[in-house]
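Everything on this sheet refers to the single structure shown next.
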Amino acid sequence: MSTFQELGLNEDLLNAITDMGFVNPSDVQAQAIPLLLNEERDLVALAQTGTGKTAAFGFPMLQKIDVSSRTTQGLILSPTRELCLQITNELKQYGKYCNGLNVTAIYGGASITDQARQVKRGAQIIVATPGRMKDMISRKLVDISKIQYSVLDEADEMLNMGFYEDITDILSHTPDDKSTWLFSATMPREVASIAKKFMYDPLEITVGNKNESTSNVSHEYYLVNARDRYQALKRLADAHPDIFSVIFCRTKRDTQKVAENLIESGYSAGALHGDLSQNQRDLVMKSFRNKQIQMLVATDVAARGIDVDDITHVINYQLPDEIETYTHRSGRTGRAGKTGVSMVIVSKSELRKIKSIERIIKKQFEKKDIPSGTEITEVQLMSLANKIHTTETGDEIDKYLESINDLFVDTSKEDLIKKFFSVEFNRFFNYYQKSKDLGTVDARDGGEGRVSSNDTRYFINVGRKDGFDWMKLKDFLKEKLELGRDDVFKVDVKESFSFFNTEKTMQEKVLAFFTDFKHEGRFVNVEVSENKGRSGGGRRRDGGGRRRDGGGGRRRSDDRRSERRSSDRNDRKPRRSDDSGNRGDRRSRRSNDDKPRGRRSENSNSNFSGSDRPRRSRRK
Ligand code: AMP
C-alpha cells in the first residue's frame, strides 16, 4: 500500500494530512490521486460516500490550482447544501497550509449577496449546488469561464434530484478544455450518458463493484406484521442503547410522524424532510452531528449528503420505492473505515424486495428476530452496568455522599446493587411484560389482507355514491386522521357506506375525530362495526348514509369515555428536560391529535407513571 507521500502530494498537503490524522490513503484516493496529479484527463470514479472521495479529488485539485491567482479555477457541483458545506469545510482543512487559498460555498437558502461578495474576493475553488450556481451565473455574479477542473460529486444523486438541465447549463459556461471528474456511488444510465456527453475519453476507476454496498456494512432484515413496524423500531433502538442512527421513511408525512412518535416515546429523535425550513433542517443536523439526537428520521431526499462518520445503524423503517436507493441509504453507515449495520423492517408482502436488493448489493441479508423484552432488558442492564463500571469519579460529589451513605448504612453491597439496578430493570421489565411478542407474523399480513383481534373495524356513512373507491377512502382517512400508509386497511367501499380497519390503539382517535366532522357539508358518521371479518358485511347501521341524529357522535364519545386505551399508547414517557430542543416542529402539526384532549390527559395521568417506562439514556 502506498503512502500519501508516494502518491505525489506536496508538503503543504502532507502536513495537513498529518494534522488530520489520516495514516494511509483510502482505496479511491490511492487510485485517483496519482492519476489526477499526473495527467490532465477526465475521470469517472465509482465510489460510495464515506470512502474518502472528497480527498480523492480535493488533494489533486488543491495541488494543481494557482493560489496566487484570484481567478476561479475549480468548480465542484454537489447535490445538497449539506454536502456542499461539508466539501467546503474538508477542502479548507486539506488546504490549511496553502497560503492564499479561498474556497467558497454557494448554495440556496442563504444570502446570494454574501456569497457573491466572497466569490469576488477571489475564490479559486467554488463548491456549489446546481440551482444556486445557475442563478449566480445568470446574474453574472460568478465567472467560471476559466475553470480548469470541474467535479460532479454524487452525480447519481444530482440526476435523481432533477438537476440534469442545470448541470448542462452550468457546464456550457465552462471551457471545453477543462478536466471533468465525475464521482458517483452508482452508475445508472443517466450518469453514463452525462459522462458520454460531457467527458472526453475518461479514465475509469471503481472502488468495490458498481452499486455494491461497502464491505464495512452488514445487512439485516426483520420480518414483522405491517402494523407492528413502529413497535419493532422501538425494540431495535432499545436493544442498541448506544445507537446513533438514520431511520429512513418513504414519505415526508411518515418521517414526521415516526419522529414525533419517537420523541413522544422519550427517545432523542429528530425529523429531517423537505417540509421543514432550511433553518429547522440546519438545527436538526447540528443536533445530530453533536449527537444530541440519537435517531434522525429522514426522507431519502433530505438525507442526501448526510456525511456523518459515526452512524452505527441505518434503519429502513420502510423500504424505498426504488430499490437502488437502498445502496445510498446503507452507505450512510460504515464510513471512514468503521463498521455499520443496515437494518430493514419488512412486512411479508415486501419480502421479495429483499431478494432484489441482495442481487444489487451483491450481499446476503441476515434474517433476524426482533429482540424480545427479556433480551432488551438484559442489554439495557448490562449497558448501564458497563457505564457505571467505567465512570470516572471526581471529588466534587464527595460532599453529597455523606447523607447518601447514611441512608444506606445498613444496606449490604449485594442489596445496594440489587436496588440500584432494579430502578432500571423495573422500567424495562414492566414495560415489556405488557407488550406482545413481535416474532409471529400473521399468515395474511401485508396490508389490506390482514385480520387480527388487535384491529378495530369501523362503519363509515360514505361510499361509492360520494365519489369514493377504496383507494380514495383510504387516502382520505389517512389524511384526515394523520395516519401512516399502513395504518388504515381492509377498506371496503359499498354504494352508500363503507368499512375500514385500524389498529385498536387508534380507535379512540378515529372516533373522536369523526365526532363532529363534516365532509362537503354533511356529517360523516363513523362507528365501530360489529363485524370484524374481511367481507366487510357488517350491519348497515344508519339506514342510508345520513347521520341519524345530531347528537349521536357526541353521545358515542361520552360512552367511549369508559373505554380504556390499549397498552400500545402507554409507551409514552415523561420527557427528559434536554429533549425539548427537537420538539418545535412537532407541536405545530398536532391539531387533530389534540381533539380528544380530555382523554389524552386522563391517560397521561393514570398510565404513565415515571417508573413504568423504558427510558433512553443519551449518548455523551
Ligand atoms: P468522504 O467519502 O470524502 O466523505 O470521506 C469520509 C470521511 O473519511 C471524512 O470524514 C474524511 O475526513 C475521512 N477520510 C478521508 N480520507 C481518509 C483517510 N485516508 N484516512 C482516514 N480518514 C479519511
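The values are calculated or read from the model by the stated rules, or taken from the named source; none is laboratory data. These numbers were taken from a predicted model, which means no experiment stands behind them. In this analysis, Cβ positions are derived from the backbone assuming ideal geometry, glycine residues included, and neighbour counts consider all displayed protein chains. Ligands, DNA and RNA are excluded from the accessible area calculation, which covers all protein heavy atoms including side chains. Shrake-Rupley method; radii C 1.70, N 1.55, O 1.52, S 1.80 Å.
Surface calculation, 1.4 Å probe, protein heavy atoms: Thr71 sits at approximately 60 Å² accessible. Across region 28-142, counting alpha-carbon atoms alone, Rg and Dmax equal 14.0, 40 Å. A 1.4 Å probe, protein heavy atoms only, puts the accessible area of Asp66 near 70 Å².
Sorting Glu260, Glu530 on solvent-accessible area from highest to lowest, probe radius 1.4 Å, gives Glu530, Glu260. Mind jotting down the distance between the C-alpha centroids of region 301-337 and region 32-86, whole Å? What the calculation gives is 23 Å, centre to centre. Computed with every protein chain present, the accessible area of Ile460 is close to 0 Å² [probe 1.4 Å]. Grab the Cα-Cα distance for Tyr164 and Ser356, subtract it from 0.36 nm times how many residues apart they are, and report the gain in nm with one decimal. Between Tyr164 and Ser356, full extension yields 66.4 nm more.
Remark on region 135-188: Rg and Dmax equal 11.9, 34 Å (Cα only).
With semi-axes defined as the square roots of five times the eigenvalues of the C-alpha gyration tensor, the equivalent ellipsoid of region 4-206 measures 23, 21, 15 Å, largest first.
Restriction of the trypsin sites (Lys or Arg not before Pro) in region 13-90 to DSSP coil positions whose beta-carbon has at most 16 other beta-carbons within 10 angstrom yields Arg41, Arg70. Listed by chain and number, the lysines whose alpha-carbon sits under 27 Å from that of Lys362, ignoring those within fewer than 8 places in the same chain, are Lys53, Lys196, Lys210, Lys338, Lys348, Lys353. A straight chain from Lys368 to Ala385 at 0.36 nm per residue would run longer than the Cα-Cα distance by 3.5 nm. The label-point distance for Glu378 and Val23, in a model that sets each label 7 Å from Cα toward Cβ, rounds to 3.5 nm. Computed from phi, the 3J(HN,Hα) profile of region 500-510 under the Karplus parametrisation 6.51, -1.76, 1.60 (θ = phi - 60°) reads 8, 10, 9, 5, 4, 4, 9, 4, 4, 4, 4 Hz, with x in place of Gly and Pro. So if I take the centroid of the Cα atoms in region 396-421 and the same for region 483-514, what is the distance between those two points in Å? Centre-to-centre (Cα) distance: 53 Å. Per-residue accessible area (protein heavy atoms, 1.4 Å probe) orders Phe500, Phe425 as Phe425, Phe500, starting from the largest.
Calculated over region 375-432, the projected area of the Cα convex hull averaged across directions stands at 4.8 nm².
Residues Ser349, Ser265 ordered from highest to lowest accessible area at a 1.4 Å probe: Ser349, Ser265. Once the chain from Arg189 to Asp516 is taken as fully extended at 0.36 nm per residue, the excess over their C-alpha distance is 112.4 nm.
Packing here is the average count of other Cβ atoms within 10 Å per residue, and on that basis the peptides 239-247, 461-469, highest first, run 239-247, 461-469. If R0 equals 25 Å, the separation of the Cβ atoms of Lys338 and Gln93 corresponds to a calculated FRET efficiency of about 0.80.
Put a dot 7 Å past the Cα of Glu414, heading toward its Cβ, do the same for Arg70, and the two dots end up 8.1 nm apart. What shape does region 217-372 take by its C-alpha gyration tensor, where a ≥ b ≥ c are the square roots of the eigenvalues and a/c under 1.5 counts as rounded, a/b above b/c as prolate, and the rest as oblate? It is rounded, given that a/c, with a ≥ b ≥ c, falls under 1.5. A Förster radius of 25 Å, combined with the Cβ-Cβ distance separating Asn290 from Ala110, puts the computed FRET efficiency at roughly 0.75. The value of relative contact order for region 217-372, using C-alpha pairs under 8 Å at least six residues apart, is 37 percent. List, in the order given, every pair from Lys367/Lys504; Lys252/Lys368; Lys134/Lys197; Lys257/Lys480; Lys355/Lys504; Lys234/Lys363 whose Cα-Cα distance in the structure shown is over 24 Å. The answer is Lys367/Lys504; Lys252/Lys368; Lys355/Lys504; Lys234/Lys363.
For region 268-277, backbone phi angles converted through the Karplus equation (6.51, -1.76, 1.60; θ = phi - 60°) give residue-by-residue couplings of 8, 10, x, 9, 9, 7, x, 7, 8, 6 Hz, Gly and Pro being listed as x.
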